[in-house]
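Please read the structure below before turning to the comments.
Quick note: the coordinates plus some simple rules give every number you see, no bench work behind them. From a predicted model like this one, the values you see are computed outputs, not experimental measurements. Cβ: placed from backbone, ideal geometry, glycine included. Neighbour counts: every protein chain shown.
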Amino acid sequence: MEQSINIDKNIENKFSLLSQEEKIAVISHGVAVRFSELNNRLFLAESKVSFFEKKYDTKLLELEKNGLPDNADFEMHEDYIMWHHWTDVTKKMEKQIKSLQAIAKYGVYRK
């Protein structure tokens, strides 16, 4: 843990030595790359959630409301756990994307 803090401080120190122009370029390019990664992860998560919705012909909220059927097998219990996981990932990715949009709206900095 301490080593991680030292690395973070070293990066911050080196970053602070960059020119303002270079800082903006690094941040804007980094945001663009991260934005792409988050969108890819969101697409995967939404695809997984959609798969479960089609497989069980219901939404997770509806299943939560009604509960698992009495005859739910092992596979459905496992799917239910994974369905929750991918729903959580979807929410997390949406939140992270939204937080980056304030920066991403400025586009990629070019000299």
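Look at region 65-75 and say how many of its residues are exposed (fewer than 10 other Cβ atoms within 10 Å of the Cβ) and under 20 Å from Asp88 (Cβ atoms).
So the count comes out to 2.
If only one of Ser16, Ser50 is at negative phi and exposed (fewer than 10 other Cβ atoms within 10 Å of the Cβ), which one is it? Let's see the steps before the verdict.
Working: Ser50 fails: exposed (fewer than 10 other Cβ atoms within 10 Å of the Cβ).
Answer to the selection: Ser16.
Go through region 24-59 residue by residue and tally those that are free of Cβ contacts under 8 Å to residues at least 24 places away in the same chain and of a type in the set (Gly, Ala, Ser).
Residues that pass the stated criteria total 4.
With the checklist (1) in a helix (DSSP H, G or I); (2) surrounded by 11 or more Cβ atoms within 10 Å (Cβ to Cβ) in hand, flag the one item Asp8 doesn't pass.
(2)
When you scan region 37-52, do you find a residue that is in contact with a Lys or Arg (Cβ under 7 Å, 6 or more places away or on another chain), in a helix (DSSP H, G or I) and not hydrophobic (A, V, I, L, M, F, W, C), even just one? Full working, then the answer.
If we filter region 37-52 for residues that are in contact with a Lys or Arg (Cβ under 7 Å, 6 or more places away or on another chain), which is where we start, we get none.
Looking for residues that are in contact with a Lys or Arg (Cβ under 7 Å, 6 or more places away or on another chain), in a helix (DSSP H, G or I) and not hydrophobic (A, V, I, L, M, F, W, C), one finds none in region 37-52, hence no.
Looking at Glu62, Glu21, Glu78, which is the one that is in a helix (DSSP H, G or I), loosely packed, with under 12 Cβ neighbours inside 10 Å and in contact (Cβ under 8 Å) with a residue 60 or more places away in the chain? First the steps, then the outcome.
Working: Glu62 fails: in contact (Cβ under 8 Å) with a residue 60 or more places away in the chain; Glu78 fails: in contact (Cβ under 8 Å) with a residue 60 or more places away in the chain.
Result of the check over Glu62, Glu21, Glu78: Glu21.
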